[in-house]
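Structure first, then comments.
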Amino acid sequence: MFQLPRGVKVLPPRGAQRREWVRRVLLETFQSWGFQKVVTPTFEYLDILLKGLEEGLEDRVYKLVERETGRLIALRPDFTPQVARIAATVMKDYPRPLRLCYSGGVFRYMPDRGEEETELHQVGVELIGLDLPEADAEMIAMAARSLENLELTHYTIAVGHMGFIAAILGAIPQHLVPKLKGALADKNRTETRRICQQVPSPWREVLKELPTLYGNHEVLKKARKLLEGHKPLLVHLDYLETLHSMVDTYGLAHRMVIDLSEIRGFQYHTGVVFEIFTEGMGKKLGGGGRYDWLLERFGKREPATGFGINVDAVLKALEQRGGKWPPSQINYLLVDFSKDKRAALELARRLRELGWKVARDIIKRDLQGSLEYAKKTDIQFLIVMDDKLKKENRVKIIDTTEGKEILQPTEELLVPKGGYHE
Amino acid sequence: MAGEIRIALPKGRLMEEAAELFSHMGYNLSPMLRESRRLVFSFPQYRFIFYIVRSQDVPTYVEYGAADLGIVGKDVLMEGEYDLYEPLDLGFGYCRIVVAQPMDMELDLGDRVGLRVATKYPRIARTHYHSKGVAVEIIKLYGSVELAPLTGLAHQIVDLVSTGRTLRENRLEEVETVAEITARLVVNRSSLKTKFALLDPFIQEMESSLESSPLS
């Protein structure tokens, strides 16, 4: 009866608070690395948006018609092209590099895909104006740290290189490319080998091994051996080698898996690309990579890299792992059994000024009823007042989780938040 | 979870052929073939856990990461839309998806306005006719598809055949092959990256076994 469109979510307070916490930790991590938040519109003209959009995503854009003009409007399906456009237009004269971050929903229609999210909450960054491996390493390290700050410690970052794949695809008979791309995307060894029969040496030998070129640092050595004498390809391996040693400097090399045949990603990606996975979660948590040509579509040619994290995917991973959640939202429920409410209102006002979250129990009920209510709504403490306590300038404090009671002088409650309760 | 390979297998013929492949790789799974009602089989000595599911559910279990690997017919993969790796064509479970119609029927696709096609594979059928530019009305059925042309429900059917006997018995003839189907190994994308040290050697082992196996 109150049906929702497929793939959208309603989150009651606890879920909403958790999502907000994940979102904030991610965003604050990015900001602590010097990234500044930008805001982009939730919807835009479709034709403008399409300039920066990959083909596959175009079919999955939610479209509306603008009343007065009849022009098509699209809900943003991806932040990166929007941020790239900001960098190339309003911020084109700002000093480089630009370190920008964002947070919000992206909308992708998912035909035939059950209950998968159509509204995805993403937090991400774009680092614009740098073409160095240091920049890619910073992206990987920052993605890693943001997850660690959420105490999500079992993650793997799979790194590939679109330039490497493109160089190989450029060297083989072009009519085989679409088929080969499909086979590589599926990591289909059987099909890749089948296609290889039609590829002349030396590329046949390279391609045959390509789907197996993933794993730790050894992969780079294996690839190097295979590609001896192919200078244009070795350049990309050198780049990955440098990247690997920088990620190692961050102490994160053991988190990195190199995957040289990975071609899934956005079409605008050009160099290093990566995806973040955690064990036990079938789907990726996020990903990103280099997109050195995207800004040119908006009028300023310059290198860029970035990544985005899917907030709800991280949330699900934390839920699955039984992760630690931030303490409850509301600190006090103030229950006043006396008739004159002035003292209670005054106490609530002063506590709020000190940073505490205070709700007043307005309904008439007994103490047990108030306690039940507080427990069920994640309120930490009950403050109980009555005529007798008021005369003594004391309050009764009940811990809602443990049920412990203490009597306390009212003044002692009035400490700034961050004091003795947390 | 980290130390085990979780494998989704479909009931029935594919499971038997998969067990044969595993046996060729040196893993004896015969207890699994004897107990037909159990859904989970654990082989700690090989570090395998098998989940026995419906064929159509194999890619779902793997895509969501409830299983790391799965063995499933290509027809199921073609009919759905899954985000999976598909590293190996296992060669067994061979059959074909074909277009069939009543024997001696003359059917001009170009002229016909209301071509009706019955199938258990609406997506594969739609893609097939669309690729030829033929407008078609797809009727989804869940079984006994051969009956549809005999009763006037549809003009043609798109169905899986292995020997073609059922078609002939119902006086139907193949007019076109849509796809050749074999069993595939599918792998969860996340598992391949996060359990790489466990899964990669296994996939390679399976691949070399296929190369030397009488099955393929």
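The values are calculated or read from the model by the stated rules, or taken from the named source; none is laboratory data. What you are looking at is a predicted structure, and each value in this text was computed from that prediction instead of being measured. Here Cβ is always computed from backbone atoms with ideal geometry, including for glycine, and neighbour counts include all displayed protein chains. Heads up: the accessible areas ignore ligands, DNA and RNA and are worked out on the full protein's heavy atoms, side chains in. Shrake-Rupley method; radii C 1.70, N 1.55, O 1.52, S 1.80 Å.
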Are any residues in segment A:278-330 under 12 Å from the mean Cα position of the chain (by Cα) and in a strand (DSSP E or B), and if so, which ones?
-> A:G286, A:G287, A:G288, A:G306, A:F307, A:G308, A:I309, A:N310
Per the filter on segment B:68-90, residues more than 8 Å from chain A (Cβ to nearest Cβ) and of a type outside the set (D, E) are B:L69, B:G70, B:I71, B:V72, B:G73, B:K74, B:V76, B:L77, B:M78, B:Y82, B:L90
Looking only at segment B:160-178, and only at residues there that are touching a residue at least 24 places away in the same chain (Cβ under 8 Å) and among the β-branched types (V, I, T), the one that is farthest from B:Y94 (Cα to Cα) | B:V175
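Matching residues to (1) part of a loop (DSSP other than H, G, I, E, B); (2) β-branched (V, I, T); (3) within 14 Å of chain B (Cβ to nearest Cβ):
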position: A:A158; (1), (2), (3): no, no, yes
position: A:F164; (1), (2), (3): no, no, no
position: A:A167; (1), (2), (3): no, no, no
position: A:G182; (1), (2), (3): no, no, yes
position: A:K187; (1), (2), (3): yes, no, yes
position: A:E191; (1), (2), (3): no, no, yes
position: A:I195; (1), (2), (3): no, yes, yes
position: A:K208; (1), (2), (3): no, no, yes
position: A:P211; (1), (2), (3): no, no, yes
What are the residues in segment B:179-197 that are within 11 Å of chain A (Cβ to nearest Cβ) and touching a residue at least 40 places away in the same chain (Cβ under 8 Å), if any?
-> B:T182, B:R184, B:L185, B:V186, B:V187, B:N188, B:R189, B:S190, B:S191, B:L192, B:K195
Criterion violated by A:L147 - all others in (1) crowded, with 22+ Cβ neighbours inside 10 Å; (2) within 14 Å of another protein chain (Cβ to nearest Cβ); (3) under 28 Å from A:T212 (Cα atoms) satisfied | (3)
Scanning for something closer than 24 Å to B:P59 by Cβ and within 14 Å of another protein chain (Cβ to nearest Cβ), does segment B:151-171 turn up at least one residue?
-> no
Six or more apart or on different chains, Cβ under 9 Å: which pairs go from a residue in segment A:87-100 that's farther than 19 Å from A:M139 by Cβ to one that's surrounded by fewer than 14 Cβ atoms within 10 Å (Cβ to Cβ)? Could you list them?
-> A:A88/A:E296; A:A88/A:G299; A:A88/A:R301; A:T89/A:G299; A:K92/A:G299
Quick one: A:P232 ticks every box in (1) in a helix (DSSP H, G or I); (2) open to solvent by 30 Å² or more (accessible area, probe 1.4 Å); (3) within 14 Å of chain B (Cβ to nearest Cβ) bar one, so which box is it?
-> (3)
Go through segment A:13-49 and count every residue that is open to solvent by less than 60 Å² (accessible area, probe 1.4 Å), more than 25 Å from A:Y62 (Cβ to Cβ) and either without any contact (Cβ under 8 Å) to a residue 12 or more places away in the chain or assigned to a loop (DSSP other than H, G, I, E, B) (or both).
-> 2
Among the residues of segment B:1-37, count how many are open to solvent by 70 Å² or more (accessible area, probe 1.4 Å) and either more than 27 Å from B:K74 (Cβ to Cβ) or within 14 Å of chain A (Cβ to nearest Cβ) (or both).
-> 5
Does segment A:212-227 contain any residue that is at positive phi and open to solvent by less than 40 Å² (accessible area, probe 1.4 Å)?
-> yes
Would you please name the residue that is least open to solvent (accessible area, probe 1.4 Å), looking only at residues in segment A:244-259 that are assigned to a helix (DSSP H, G or I) and closer than 20 Å to B:T194 by Cβ?
-> A:V247
Residue count, segment B:136-165, condition over 21 Å from B:S55 (Cα atoms) and among the hydroxyl-bearing types (S, T, Y), comes to 1
All helices (runs of 4 or more DSSP H) inside segment B:69-159 with 2 or more residues being out of contact with any helix residue (DSSP H, G or I) (no Cβ under 9 Å at 6 or more places or on another chain) = B:122-131, B:147-151
Does segment A:318-328 contain at least one residue that is crowded, with 17+ Cβ neighbours inside 10 Å and at pLDDT 90 or above?
-> yes
Any idea how many residues of segment A:225-281 are of a type in the set (S, T, N, Q) and in contact with a Gly (Cβ under 7 Å, 6 or more places away or on another chain)?
-> 1
Mind telling me which of the residues B:E176, B:E169, B:E79, B:E137 ends up being in the same structural domain as B:E20 (by TED's automatic domain parsing) and either open to solvent by 30 Å² or more (accessible area, probe 1.4 Å) or of a type in the set (F, W, Y) (or both)?
-> B:E79
When segment A:261-306 is checked residue by residue, the ones that are open to solvent by less than 30 Å² (accessible area, probe 1.4 Å), closer than 21 Å to A:F30 by Cβ and of a type in the set (D, E, K, R) are A:E275, A:R290, A:E302
